[in-house]
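The values are calculated or read from the model by the stated rules, or taken from the named source; none is laboratory data. Given the structure is predicted, the values throughout are model-derived calculations rather than measurements. Please note: Cβ atoms are built from the backbone with ideal geometry, for glycine as well, and neighbour counts cover all protein chains shown.
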Amino acid sequence: MPPDGTTVSNLARRMNVARRSAHQTVHALLGMGLLEQIPNPASARGRIIVMTAEGRRVHRLARTVAAMFKGWAPELVALVADSDIPPIFRPLYGLPIGHRWDHIPGVTLIGDAAHLAPPDGEGANWALFDAGRLGNAIAEQPENIDAAIRAYETALFPRNIDTATAAAAYYPEFTPH
Ligand SMILES: Cc1cc2nc3c(=O)[nH]c(=O)nc-3n(C[C@H](O)[C@H](O)[C@H](O)COP(=O)(O)OP(=O)(O)OC[C@H]3O[C@@H](n4cnc5c(N)ncnc54)[C@H](O)[C@@H]3O)c2cc1C
């Protein structure tokens with residue numbers, strides 16, 4: 001984004017996307033307060049988009065993040081450092097170690113709903129594992145679904161302690177330092 005702003009059409013050209021796509025992105029960033037629209041000094045009717053102070057702050061953060069990837073392939077670092085669109089910092093949530101719930105007949109949880117995973121490459125595996133365990137429990141006693149769910153949950157809750165403990169050790173990796 002040039003310091004004195006640009007039009008959506010120019011932005012679309014620089015992003016190499018259709019104007020409509022650029023417009024959707026700009027609309028989202030306007031809503032987040034990272035960009036703002038001001039009158040275009042070159043056109044009485046037109047408007048240009050410029051970064052807000054918050055947008056500039058986030059962009060500076062992007063440079064800081066990119067600097068953490070020193071030694072990585074330049075093409076990958078450029079995805080962060082040279083992006084026309086500032087990265088969006090999203091919160092990562094976790095569940096407390098020992099998270100469980102009171103049994104509700106006929107209902108249970110699997111995957112992230114049962115034990116929210118950090119992005120450590122395990123979450124999808126755990127979700128599939130839960131599905132397999134629940135499926136096995138039901139197959140073992142299809143005539144009593146609620147007993148099957150109880151059996152699944154009895155094995156799940158101690159396992160949740162292990163996954164949450166592993167996750168807790170992982171979260172500091174995502175904390176700015
Ligand atoms: C940044 C990041 C990177 C990750 N990287 C990896 C990785 O490399 N490898 C890995 O294994 N795991 C990774 N994970 C974790 C992994 O994405 C999750 O653990 C996994 O997707 C959990 O699967 P799930 O089916 O339980 O939940 P989800 O994948 O979240 O699926 C839940 C679905 O339910 C839908 N939904 C929500 N509410 C409703 C509703 N009311 N009605 C209808 N639908 C609804 C949602 O839209 C969603 O599609 C990562 C997670 C993050 C955040």
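Tabulated results
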| quantity | calculated |
| --- | --- |
| Unmet criterion (only one of (1) in a helix (DSSP H, G or I); (2) in contact (Cβ under 8 Å) with a residue 60 or more places away in the chain; (3) surrounded by 15 or more Cβ atoms within 10 Å (Cβ to Cβ)) for R14 | (3) |
| Residue pairs meeting the criteria (Cβ under 8 Å; at least 6 apart or on separate chains; first within 20 Å of G111 (Cβ to Cβ), in region 124-147; second surrounded by 14 or more Cβ atoms within 10 Å (Cβ to Cβ) and acidic (D, E)) | A127/D112 |
| Residues (surrounded by 15 or more Cβ atoms within 10 Å (Cβ to Cβ) and within 8 Å of the ligand (Cβ to nearest atom)) located in region 103-120 | I110, G111, D112, A114, L116, A117, P118 |
| Among (1) surrounded by fewer than 16 Cβ atoms within 10 Å (Cβ to Cβ); (2) in contact with a helix residue (DSSP H, G or I) (Cβ under 7 Å, 6 or more places away or on another chain); (3) within 28 Å of P3 (Cα to Cα); (4) of a type in the set (A, V, I, L, M, F, W, C) - the single one V77 does not satisfy | (1) |
| Out of A124, A137, sole residue that is within 11 Å of the ligand (Cβ to nearest atom) and among the aliphatic types (A, V, I, L, M) | A124 |
| Near pairs, Cβ below 8 angstrom, 6+ apart or cross-chain, from region 103-123 (under 17 Å from P172 (Cα atoms)) to any residue that is part of a loop (DSSP other than H, G, I, E, B) and more than 7 Å from the ligand (Cβ to nearest atom) | L116/Y93; L116/G94; L116/L95; P118/G94 |
| Hits in region 32-64 - residues which are in a helix (DSSP H, G or I) and more than 15 Å from P2 (Cβ to Cβ) | A53, E54, R57, V58, R60, L61, A62, R63, T64 |
| Filter result (surrounded by 12 or more Cβ atoms within 10 Å (Cβ to Cβ) and outside any helix (DSSP H, G or I)) within region 17-31 | V17 |
| The lone exception for M68 - which of (1) in the same structural domain as H23 (by TED's automatic domain parsing); (2) more than 24 Å from M32 (Cβ to Cβ); (3) of a type in the set (A, V, I, L, M, F, W, C) it fails | (2) |
